[in-house]
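Undergrad: Next up is a structure, given as structure tokens.
The values are calculated or read from the model by the stated rules, or taken from the named source; none is laboratory data. These figures come from a predicted structure and were not determined experimentally. Accessible surface is based on the protein model in full, side chains and every heavy atom, while ligands, DNA and RNA are left aside. Shrake-Rupley method; radii C 1.70, N 1.55, O 1.52, S 1.80 Å.
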Amino acid sequence: MNKVMLIGNVGADPEVRYVEQGVAVARLRLATTERGYTLQNGTQVPDHTDWHNVILWRRLAEIVEKYVHKGDKLYIEGRLRYSTYDDKQGQRRYVTEIWADNMEMLTPKAPSQTPSQEPMASEPAPTEPVGDSGMPF
């Protein structure tokens, strides 16, 4: 089983592009933080933040484009995808992404900014990446 569940904050406004036949693809960076704590012996363990690359397709990407901004809190459910590509200098690059199947917006919005659709959305992602380098972006 390949399943990832994350709750975190969006690090920058999402990038949204439209690929073949007008299919929307969104990319965002999501920060998840494990809070620090103090061990019984008094040792301080600091907060630890991880950054995740999240890819959303079709309707999820359209929702992200309209309603998600830097700093918003999201619940993301999806699966891990690993890929490699060669950059312009010919160096091999490795990429780990979360391909989202479900998303829930957790940041409260003012009533005038609330989307008309339900906050929980899901959409099956394509099985293969799209783009020149095999990447959606």
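Undergrad: In whole percent, what relative contact order does segment 26-83 give with Cα contacts below 8 Å and a gap of six or more residues?
TA: Values: 52 pairs, mean separation 19.3, N = 58.
The value is 33 percent.
Undergrad: How are the Cα pair distances of segment 9-118 distributed, in percent, across 5 Å bins from 0?
TA: 2, 10, 17, 19, 17, 13, 9, 6, 4, 2, 1, 0
Undergrad: To continue, here is another question. Ignoring any ligand, DNA or RNA, what whole percent of the accessible area of segment 52-104 comes from carbon and sulfur when the probe is 1.4 angstrom? Before the final figure, lay out each step's value.
TA: Numbers: 1190 of 2800 Å².
Within segment 52-104, the accessible surface is 42 percent carbon and sulfur.
Undergrad: Which value results when the Cα radius of gyration for segment 1-73 is divided by 2.2 N^0.38 Å?
TA: So the Cα radius of gyration is 1.46 times the expected 2.2 N^0.38 Å.
Undergrad: Also, I was wondering about something else. Find the accessible area per residue for segment 1-66; the probe is 1.4 Å, ligands and nucleic acids are left out, and the unit is Å². Don't skip to the answer; put the middle values down first.
TA: Values: 4260 Å² over 66 residues.
Ligands and nucleic acids excluded, the figure is 65 Å² per residue.
Undergrad: If the reach is capped at under 24 angstrom between alpha carbons, list the lysines near Lys70, excluding any in the same chain fewer than eight residues apart.
TA: Lys109
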